[in-house]
Structure formats: structure tokens, C-alpha cells
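Here the structure comes first, spelled out in C-alpha cells, and everything after it is commentary.
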Amino acid sequence: MPRECLRIGCGAGFAADRLDAAEELVRRGDLHWLALECLGERTLAFAHRDRARDPTKGYDPRLERRMRALLPLCRTHHTRLISNMGAANVPQAAQRTLAIARELGLFGMRVACVLGDDVRHLLAPETPLLEGGTIAEVGRPVVGANAYLGADAILPAIETGADVILTGRVADPSLFLAPLRARFGWQDTDLDRLAAGVLVGHLLECGMQVTGGYFADPGFKDVPDLARCGYPLAEVAEDGSAVITKVEGTGGMVDRRTVLEQLFYEVHDPAHYLGPDVTADFSQVMIAEVGRDRVRVWNARGKPPPQQLKVTVGFDAGWLGEAGISYAGPNALARAELAREVLRERLLVVHGLTCALRFDLVGVDSLHATAGVPRSMSEDVRLRVACRSIDREEVEFVLWEVEAMLCCGPAGGGGFRARLGPVVETRSCFLPRAQVRPCVEVLRA
């Protein structure tokens, strides 16, 4: 790879991803940029709920631990950091990042906020949803709505020279495309190069999925040293061709198979991968192993992006509770089935509950209950009951009924555990691109 390439790594593929592998990547990856993709649709909806309860919250709760570990390393190794950990409260995420930088003695640090993805004010009750119906017809309170911004919204933040760039909702590949556009001067008319950058971002955005983590299937797809699996990085040339690799000596692997699996992950139509930056055509992408843990990718093609932006709308769906009780030993399955039927009759018939209920026999049919798969005669069965309702007391009552089975039979039930927490739903809609107005703010330590 030419010396003038840009080296960009992925330090998180979802909100709960590992931290130690990201530290290793900054220490030894010789990176220009580290991107942390931490924001899922439900994660963002929950962030809106958190912000509504406390205006200083609403960003990634793991931001502090990540920043304390990564900011000193990024300064030492001259690596800029970009992340969507701002979630529903980018300004507060930036303020907390600057406070951490001051505490660590990292003075002069600049944090840029990419704003404008919050579009709740642009939606109306009659706004149609992609899943059918309208916002009003969902019948639940809206907690937030965010448009998927693209790299063009991030570019002004990069141009400020900020050490850290925090966003809310942006398309995942845009976190990687924006640094490439800034480095190589790619314009929004350079469609093939934009598609190449989206390809790089798509391959990196899920972290260890492309370095063997989610790929592993023992005996069929063996992956070495999975406990120390490394995060991926890309060496990207000005023409958009890239080598996907990882830090030498880390666990996992990068080969044609891992790259190919990730290429098709969440891609419904490889010839028309829609995004805010470009409509990417991956159908002719070339993949070649060019060394150990080094895979070159090229030949993505691009077409103009849609004139509308996708919007995720989060709804308050009330409360979700689940409780479990175990049955073991001879005839365990029959006893668990009897307990399930007793609870079903008590909740639906005796008490007439109308909330959403689910009954699973874990170890027998919890994953294949509707697949017609023959059941095993397990001697280790756990009955799981889940309930969702707007009414918290209704959910609490369901959990109480499950716990009562400890003494109300059948024989041998034990190990009761329960939990209850808020739940959200997400739906999608479109907004005309011209209505969404991103902007950038810069804060200094």
C-alpha cells in the first residue's frame, strides 16, 4: 500500500463492544483515524428516554470509560477519533469529553459536534411510516426521531482540525467515508470513490465481524485465538482501493471468507446499497488475499444517492418484564409444560390479562418454537415468561405469578429470576434531504 494511504481503524462495532482491543489498535495500528460505531436504533431511542429524564444524559453511558482509555493514546499516537457516541445528546457528550481531557491533563484538545440529525420537529402525526400506517396510528408516545446524516455533514467538523468528532445519528459507513473524503478531496460527484469509501466503512463498521469474531463456527470455520481477537483497520488509497487487515499478533483472522461474509451483512441488494452519501453497487467488488491477514478490495461502483433521508422514529413502548423458573431431572419437560399451561390459564383466563405475553421452554423450544423442529426430552428445562405492557403494574403482576409457582407447583421448580425495565419500539420514515440542516459546533478544552 502506498505511503500516502490513509489508515483508519474500527474501535467499536456496537455499544457494548470491547475496549482493550481498541486500545491495542491505537497503540500499534499506526492510525490516522479511529472510528467507534456505537449507535443502534433502539440504543438511540433509549438515549432519548434518558435525556428526557435528565438533560445531562442521553449519550453513550460507556463514553467516559472509552474516552479515559483512548484520549491519552490518541494524543500520543497522533490519531483522531470519530464516534456516534453522542447519541441523543451530542453537546453533553462533548462537554463530558472535554472535562475528561482536562482531568487527564490533555489541554488544548478540541471536540467538534455534528448536529442536525434530530428531526422530531419536522414530523407530524400523519407522517407515513415505511412499515405502514402513520405515526399517530402507532398509538404510543414518540421519544425521538433522527435522520441518517452522511459524510457531507461530518466534513465541516473534520476541517476544523478537531481532535475528537462526536455525532448523533449518521449512517455507519459515513463515519469512515468522511475522513477519506477530507484526506483525498473526494467530491460528492465522485460517485465511484464514494462507493469505495462506503465499502470500506461497511467492512469495518461491525468491528470483529470482519476479523473472525462473528465468523467463527468451530469445526467448520475455525478462528485462532478468538479471546484476543483484534479490531480491523483499512489502508485506503486515493483511488478508493483498500486493504483490510488487523494489527500483527492479535487474535482472529482476515481472509477472503471473513471479508465476503461482512460484505453481505445487512445488504439486501448488493447492486443498490442505499445511503445518504451514494447508492453503492457492490455486485462487482473484487476481493483478493494479498498476504497473511491482508485482503484487498476494490471495484465498487456508485450512483447518485436518494433524494430522501431515512429517519428512525423511536416510540415509548412501556415496560418489558421476564421471569424464569427451572425444572430438572426425570420428567422435567412434562413438569415445565404443566407449569407453562398453568400460568397461561391463570394469566389469560383467570385474570384476563390482555398484554403481550410469550412462554418459552429454554433448552427445548425457545428458539425454534414455531419452526416445527422435533423437541428433545431434556432433563434441564427453564420456563421463561415475558410480558410487555404500557402498564408497569401489569408487568409486575405477571412476574409475581411466575414466582408463585415456586410453591404452587408442579414439583421441583427452582432458581427463580426476574427483571423489569423500559422498552422502546422503532419505526422508519423518509424526509426530503433539503429539510434536514446539519451544523457543527466546536468546543475547546
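The values are calculated or read from the model by the stated rules, or taken from the named source; none is laboratory data. Predicted model only: the values in this text are computed from it and were never measured. Here Cβ is always computed from backbone atoms with ideal geometry, including for glycine, and neighbour counts include all displayed protein chains.
For segment 125-145, filtering for residues that are in contact with a Leu (Cβ under 9 Å, 6 or more places away or on another chain) and either more than 14 Å from Gly314 (Cα to Cα) or not in a loop (DSSP other than H, G, I, E, B) (or both) leaves 6. Among the residues of segment 406-436, those that are under 30 Å from Arg140 (Cα atoms), assigned to a strand (DSSP E or B) and touching a helix residue (DSSP H, G or I) at 6+ places or on another chain (Cβ under 8 Å) comprise Ala418, Leu420, Pro422, Val424, Glu425, Thr426, Arg427, Cys429, Leu431.
Residue check: is Gly132 over 30 Å from Glu248 (Cβ atoms) and at pLDDT below 95?
Details: over 30 Å from Glu248 (Cβ atoms): yes; at pLDDT below 95: no.
Spelling it out, it is not the case that Gly132 is over 30 Å from Glu248 (Cβ atoms) and at pLDDT below 95.
A Cβ distance below 6 Å, combined with a sequence gap of six or more or placement on separate chains, defines the contacts here; from segment 25-53, residues that are in the same structural domain as Leu203 (by TED's automatic domain parsing) and touching a residue at least 40 places away in the same chain (Cβ under 8 Å) reach residues that are assigned to a helix (DSSP H, G or I) and of a type in the set (Phe, Trp, Tyr) in the pairs Ala35/Phe176. When every residue of segment 62-69 is checked against the conditions, at least one turns out to be modelled with pLDDT of 95 or more, acidic (Asp, Glu) and closer than 16 Å to Asp17 by Cβ.
Do the conditions hold for Met253, that is, is it among the aliphatic types (A, V, I, L, M), under 23 Å from Asp60 (Cβ atoms), in contact with an Asp or Glu (Cβ under 9 Å, 6 or more places away or on another chain) and not in a strand (DSSP E or B)? Taking the combined requirement at face value, the residue does not satisfy it.
All conditions in (1) surrounded by fewer than 22 Cβ atoms within 10 Å (Cβ to Cβ); (2) touching a residue at least 40 places away in the same chain (Cβ under 8 Å) hold for Glu137, with the sole exception of (2).
Phe46 passes every criterion in (1) aromatic (Phe, Trp, Tyr); (2) touching a helix residue (DSSP H, G or I) at 6+ places or on another chain (Cβ under 9 Å); (3) under 24 Å from Val423 (Cβ atoms) apart from (2).
Within segment 411-437, the set of residues being at pLDDT below 95 and over 30 Å from Tyr148 (Cβ atoms) comprises Ala411, Gly412, Gly413, Gly414, Gly415. The residues of segment 76-105 that are among the aliphatic types (A, V, I, L, M) and either closer than 24 Å to Glu205 by Cα or touching a strand residue (DSSP E or B) at 6+ places or on another chain (Cβ under 9 Å) (or both), listed by number, are Leu81, Ile82, Met85, Ala87, Ala88, Val90, Ala93, Ala94, Leu98, Ala101. With respect to Val290, determine if the residue is crowded, with 21+ Cβ neighbours inside 10 Å and part of a strand (DSSP E or B). For Val290, the condition - crowded, with 21+ Cβ neighbours inside 10 Å and part of a strand (DSSP E or B) - is not met. Among all positions in segment 47-57, there is at least one residue which is surrounded by fewer than 19 Cβ atoms within 10 Å (Cβ to Cβ), in contact with a Lys or Arg (Cβ under 9 Å, 6 or more places away or on another chain) and at pLDDT 95 or above.
Go over the candidates Glu205, Glu159 one by one and state the one that is within 30 Å of Gln95 (Cβ to Cβ) and buried (at least 24 other Cβ atoms within 10 Å of the Cβ).
Sole residue among the options that is within 30 Å of Gln95 (Cβ to Cβ) and buried (at least 24 other Cβ atoms within 10 Å of the Cβ): Glu205.
Can you list the strands (runs of 3 or more DSSP E) found entirely within segment 304-405 that contain at least 2 residues being touching an Asp or Glu at 6+ places or on another chain (Cβ under 7 Å), at negative phi and at pLDDT 95 or above?
Passing ranges, in order: 308-328, 380-389.
Only residues that are surrounded by fewer than 21 Cβ atoms within 10 Å (Cβ to Cβ) and either closer than 19 Å to Val440 by Cβ or under 26 Å from the mean Cα position of the chain (by Cα) (or both): list them for segment 175-184, please.
Start the filter on segment 175-184 by keeping residues that are surrounded by fewer than 21 Cβ atoms within 10 Å (Cβ to Cβ), which leaves 182-184.
Passing the criteria: Ala182, Arg183.
Identify all residues within segment 96-115 that are farther than 20 Å from Leu149 by Cβ, of a type outside the set (D, E, K, R), crowded, with 16+ Cβ neighbours inside 10 Å and touching a residue at least 40 places away in the same chain (Cβ under 8 Å); write none if there are none.
Filtering segment 96-115 for residues farther than 20 Å from Leu149 by Cβ gives 96, 98-110.
Narrowing the set further to residues that are of a type outside the set (D, E, K, R) leaves 98-101, 104-109.
From what's left, crowded, with 16+ Cβ neighbours inside 10 Å: 98, 100-101, 106, 109.
Of everything in segment 96-115, those that are farther than 20 Å from Leu149 by Cβ, of a type outside the set (D, E, K, R), crowded, with 16+ Cβ neighbours inside 10 Å and touching a residue at least 40 places away in the same chain (Cβ under 8 Å) turn out to be Leu98, Ala101, Leu106, Met109.
Look at segment 173-193: where a residue is basic (Lys, Arg) and a partner is assigned to a loop (DSSP other than H, G, I, E, B), sitting 6+ places away or on another chain with Cβ atoms under 6 Å, you get Arg193/Trp186; Arg193/Gly240.
Might you let me know whether segment 93-107 holds any residue that is under 17 Å from the mean Cα position of the chain (by Cα) and at negative phi? Show your work before the answer.
First, pick out the residues of segment 93-107 that are under 17 Å from the mean Cα position of the chain (by Cα): none.
Checking segment 93-107: not a single residue is under 17 Å from the mean Cα position of the chain (by Cα) and at negative phi.
For Tyr214, the conditions (1) surrounded by 24 or more Cβ atoms within 10 Å (Cβ to Cβ); (2) within 21 Å of the chain's Cα centre (by Cα); (3) not hydrophobic (A, V, I, L, M, F, W, C) all hold with the exception of (1).
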